[in-house]
Amino acid sequence: MKKVSEAAVVEYEEAGGPDVLRLVTRPLPEPGPGEVTVEVITMGLNHIDGFVRSGAEQEWDDAFPRRSGSCFAGTVIAAGPGTSGFPVGSDVVGHLRSGAQASHVTISVDRLVRKPRSVTFETAGGLYLAGTTALDILDELKIGAGDTIVISAAAGGVGSMEAQIAMHRGARVIGTCGDRNFDYLRQIGVKPVRYGEGIVTRIRALAPNGVDAFIDNFGQDGREVAEALGVPGPKFRSSADRRDREVALLSDSPDAVAHGTSQLRAVVALAEKRAVSPLVSGFYPLADVAEAYDDLQRLHSRGKVLLATHPVNPRRIRKAREVIESR
Ligand SMILES: NC(=O)c1ccc[n+]([C@@H]2O[C@H](COP(=O)([O-])OP(=O)(O)OC[C@H]3O[C@@H](n4cnc5c(N)ncnc54)[C@H](OP(=O)(O)O)[C@@H]3O)[C@@H](O)[C@H]2O)c1
């Protein structure tokens with residue numbers, strides 16, 4: 001295999017919108033003990049990347065230039081000593097605090113799990129932060145068989161994974177969305193409910209025996225709605241709680257990395273048995289990273305927005321949702 005000594009890396013020198021992102025060439029370190037070099041195929045985008053980049057995420061004090069993205073899938077192209085579970089040629093799913101948006105990464109195998117053949121690269125690259133956040137929150141709330149749970153933004157990147165995992169555990173899921181997502185949520189087994197004025201009445205009609213837990217991804221009137229539905233405080237998770245969970249999952253501490261990898265392994269296993277099948281809402285070449293974040297920030301993704309390296313057809317193809325929404 002040809003040795004690769006440089007990588008194309010998404011970086012930024014100052015806080016700002018997606019336009020501060022640059023695709024630059026940087027030296028690629030050779031893998032040391034316990035490390036491998038991965039040729040990255042797909043990378044997921046998350047809102048927290050944007051909050052960090054814009055400066056809204058004030059606790060993030062990593063030095064500039066900063067790198068972007070935490071979720072990726074790819075193929076091992078070089079392996080250091082002590083990496084026997086990840087030989088050259090193995091397909092992997094992985095996570096980083098930042099810097100996943102790159103053509104190649106050299107990374108500790110502690111941050112990787114093997115990608116099953118049946119999980120596509122398109123799915124795998126978006127699994128880490130959305131999937132582990134979903135799993136952590138459902139674990140905290142002890143969601144299981146017989147629970148009725150409301151999830152806001154249920155068709156989005158995180159909500160759609162929470163909904164599918166909760167249903168896999170035997171819960172009944174009511175998901176908030178706009179009209180355009182009713183069919184999608186019905187198809188995956190979620191009871192859709194339109195967000196906005198009158199939502200409490202609409203949820204009560206779908207859950208006459210009450211709601212056991214409420215996960216508010218979107219973060220506007222969620223707490224009031226949950227209180228009006230009689231959801232006990234410990235069974236409510238706000239958008240701010242989710243932010244705290246995501247920041248914890250991006251920590252570089254050894255415990256956090258081990259937890260993140262262990263939860264990623266569980267999410268990948270769920271994807272392998274089709275308990276979780278995230279949709280791809282937008283798929284962009286790595287060089288169009290700014291456009292991809294613009295898409296995410298429109299807040300109407302159905303599933304995940306991803307970047308990719310060589311498999312992407314760079315021709316612009318109008319998405320079905322754009323055709324519908326331009327009418
Ligand atoms: N507080 C934080 O730190 C924090 C951290 C992470 C994420 N968030 C927020 O959580 C939300 C969802 O996260 P995500 O990662 O799943 O994002 P995402 O994939 O961008 O979510 C998009 C979904 O949000 C739905 N949506 C749009 N307006 C809504 C509204 N008024 N009420 C309920 N749902 C609405 C959309 O449904 P329709 O297309 O059907 O309208 C769409 O399916 C985002 O708004 C994000 O900014 C907050």
Under 6 Å between Cβ atoms, which residue pairs at least 6 apart in sequence (or on different chains) link something in the range 22-40 that is over 15 Å from Val4 (Cα atoms) with a partner that is open to solvent by 80 Å² or more (accessible area, probe 1.4 Å)?
Pro33/Pro81
If we only count helices (runs of 4 or more DSSP H) wholly inside the range 149-209, which ones have 3 or more residues that are under 15 Å from Leu135 (Cβ atoms), more than 9 Å from the ligand (Cβ to nearest atom) and aliphatic (A, V, I, L, M)?
157-168
Does at least one position in the range 47-59 carry a residue that is within 16 Å of the ligand (Cβ to nearest atom), small (Gly, Ala, Ser) and not in a loop (DSSP other than H, G, I, E, B)?
yes
Of everything in the range 1-48, what is of a type outside the set (Gly, Ala, Ser), open to solvent by less than 10 Å² (accessible area, probe 1.4 Å) and closer than 30 Å to Ser84 by Cβ? Give them in sequence order.
Val9, Val36, Thr37, Val38, Val40, Thr42, Met43
Which of (1) open to solvent by 20 Å² or more (accessible area, probe 1.4 Å); (2) within 16 Å of the ligand (Cβ to nearest atom) does Ser262 not meet, given it meets every other one?
(2)
Out of (1) open to solvent by 20 Å² or more (accessible area, probe 1.4 Å); (2) in a loop (DSSP other than H, G, I, E, B); (3) within 16 Å of the ligand (Cβ to nearest atom); (4) in contact with a strand residue (DSSP E or B) (Cβ under 8 Å, 6 or more places away or on another chain), the one Gln220 does not meet is (4)
Quick check on Val38: is it in contact with a strand residue (DSSP E or B) (Cβ under 9 Å, 6 or more places away or on another chain) and not in a loop (DSSP other than H, G, I, E, B)?
yes
Quick one: which of Ile77, Ile143 is in a loop (DSSP other than H, G, I, E, B) and either in contact (Cβ under 8 Å) with a residue 40 or more places away in the chain or more than 16 Å from the ligand (Cβ to nearest atom) (or both)?
Ile143
Would you please name the residue that is nearest to the ligand (Cβ to nearest atom), looking only at residues in the range 223-245 that are at negative phi and assigned to a loop (DSSP other than H, G, I, E, B)?
Ser238
Could you please give the count of residues in the range 223-259 that are open to solvent by less than 30 Å² (accessible area, probe 1.4 Å) and acidic (Asp, Glu)?
1
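The values are calculated or read from the model by the stated rules, or taken from the named source; none is laboratory data. Computed from a predicted structure; not experimentally measured. Don't worry about glycine lacking a Cβ; one is built from the backbone with ideal geometry, like all the others, and counts go over all protein chains shown. Ligands, DNA and RNA are excluded from the accessible area calculation, which covers all protein heavy atoms including side chains. Shrake-Rupley method; radii C 1.70, N 1.55, O 1.52, S 1.80 Å.
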